[in-house]
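The values are calculated or read from the model by the stated rules, or taken from the named source; none is laboratory data. Bear in mind the structure is a predicted one, so any value in this text is a computation, not a measurement. Here the Cβ positions follow ideal geometry from the backbone for every residue, glycine too, while neighbour counts run over all protein chains shown. Only protein heavy atoms, including side chains, enter the accessible area calculation; ligands, DNA and RNA are left aside. Shrake-Rupley method; radii C 1.70, N 1.55, O 1.52, S 1.80 Å.
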Amino acid sequence: MAKKSEMRRTNPFKPTAGRMPPLLVGRGPVLDDFEEGLENGPGAPGRLMRVTGARGVGKTVILTEFGRMARARKWDVIDETASDGLAQRLLERIEPPRRLFSLSVKPSVELSGVGGVSLREAKVSSQQMPLTLRDAMARRLDVLERKHAGLLITVDEAQAARREDMVAIATAVQHMIREERDIAFVFAGLPTISSKWLNDEVLTFLRRAQAEPLGDVPLTEVRDAFDETFHDSGIAIAGEALKLAVEATAGYPFMIQLVGYHVWRVAYRKHRDESEVSVSVDDAREGIRDAMARLGDTVHGPEMDGLSAVDKTYLLAMAQDDGPSSTSEIAKRMNKNIGYANMYRTRLIEAQVIKDVGYGLVDFAIPYLREYLREHAAYIRMSAQ
């Protein structure tokens, strides 16, 4: 009996990058699209997909869930994160090296003159890589399709991929789709992948990928998820405590996990010896403070690190306002003309750091970024110089 109680009192929230949380609040439509793609066979739209969104909206979690769904159908799943050598790593995972025609430098025999033989180094050019990937995919699918299964390839952080790798992968996948093979390809990343890859003439194939932009979750769904998840774990949350926790998330998926985790932890630590554990208003407020501190470390800080000096200056100018900012006022604070400031406005909107909220107005798209900028203004100004 004690074991059952301990199991029920395990924190159900998992606010760790890449970890599969117990709830995918508000992500039903994108999961349905992918499942329909698997069901509807080769060439179905859900089998070629791009998932975009700002940091913390759950792109990696979605890819993880896609993998689980594919494995449940006995598919093979290859997950990769974009970095140098992406295409080579995919090649080696699709077809292990013992059977693979290597892309690396390899000795070969060449006739030299009359009756002579010499050794030289053979290299496979980047132009040949798509064909090699294509052959490897085809051989893997020959085996899988005999078992009525397929191959899912996912690439996370696609905005960081090298162009030659994306060309190689897109070319090979395109051929598999033309040949009506049981393959699915999903790539995910920041919204900048749309401008980086989809406007490349060589990568026009990727424009056909079904777009799945991830945004905030309606608070009504967050409320239902909190109510159910806390209850199922043996801790009750209701009334003002529930209202505070729900509103603190701002519908931001990573903040849903953070608030849930920290509120649950505070309540459990304070009341675990009681026969019935419930979240008090003070528990909720303490957990929310802990969640906000963690959000700065895991989302706001890395987001700032990836921005240019002028991007940061633009955001600091916005942070002076308590609500939406006038774009003309931002330009004045930057000592720049409106056209110059608007170039960075566009960049930050595309990256989903800020959002257009009306004619000449912008606001922050990432919860609590204004507060983070104010708190760390001196350091951010220094890094922007």
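3J(HN,Hα) along the stretch 219-224: 5, 5, 6, 5, 4, 4 Hz, from the Karplus curve 6.51 cos²θ - 1.76 cosθ + 1.60 with θ = phi - 60°, whole Hz, x for Gly and Pro.
Highest mean packing first, where packing is the average number of other Cβ atoms within 10 Å per residue, the peptides 314-320, 284-290 line up as 314-320, 284-290.
Couplings for the stretch 248-264, taken from phi via the Karplus curve 6.51 cos²θ - 1.76 cosθ + 1.60 with θ = phi - 60°, read 5, 6, 6, x, 7, x, 5, 5, 4, 5, 5, 4, x, 4, 6, 5, 4 Hz in order; Gly and Pro are left as x. Listed by chain and number, the aspartates and glutamates placed with their C-alpha closer than 13 angstrom to that of residue 147 are 76, 182; residues fewer than eight positions away on the same chain are left out. Within the accessible surface of the stretch 30-89, defined with a 1.4 Å probe on protein heavy atoms only, the carbon and sulfur portion equals 43 percent. Overall, the accessible surface of the stretch 240-364 at a probe of 1.4 angstrom is composed of carbon and sulfur to the extent of 46 percent.
A cut-off of 5 Å between modelled amide H atoms, ignoring neighbours fewer than 5 places along the same chain, links residue 357 with 362, 363. Couplings for the stretch 204-215, taken from phi via the Karplus curve 6.51 cos²θ - 1.76 cosθ + 1.60 with θ = phi - 60°, read 4, 4, 5, 5, 6, 4, 5, 7, 10, x, 9, x Hz in order; Gly and Pro are left as x. Using the Cβ-Cβ distance between residue 14 and residue 178 with R0 = 41 Å, the FRET efficiency computed as 1/(1 + (r/R0)^6) comes to roughly 0.55. Summarising the amide proton neighbourhood of residue 184: residues at separation of 5 or more, or on other chains, whose placed amide H is nearer than 5 Å comprise 151, 152, 153.
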